[in-house]
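First comes the structure, then the notes that go with it.
Every number in this text was worked out from the coordinates using simple rules, so none of it is lab data. What you see is a predicted model, and the numbers here were worked out from it, not measured in a lab. As a convention, Cβ positions derive from the backbone with ideal geometry for all residues, glycine included, and neighbour counts pool all protein chains shown.
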Amino acid sequence: MDDIKWEEPFCGEGASCFRLGTDDQENAYIAIAGAEHAYLTDSREALRTLILDIKAGKADHLL
């Protein structure tokens, strides 16, 4: 596995826990806590955009 520095899990209601991570090559990672070997990866800028868009309500239709 890459040299990923994982943050503490973020858990919502219903115990859905996700982890965010980064590495030294400007990559960002998202994984389900406990399954960090199966992660989604993109640039840190892409992760930043995703988080800001979610906070802005652009994914509310998925709820």
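With each label point set 7 Å from Cα along the Cα-Cβ vector, what nm distance links Leu40 and Asp60? The answer from the label model is 2.0 nm. With the simple spin-label model, which puts each label point 7 Å out from Cα in the Cβ direction, the Glu7 to Leu50 separation comes to 1.2 nm.
Relative to the longest principal axis of the C-alpha atoms of the chain, give the angle of the C-alpha long axis of helix 44-55, reported between 0 and 90° and rounded to the nearest 10°. Approximately 20 degrees, to the nearest ten. The Kirkwood radius of the stretch 5-58, taken over pairs of alpha-carbon atoms, gives through the Stokes-Einstein law at 20 °C and 1.002 mPa s a diffusion coefficient of 184 µm² s⁻¹.
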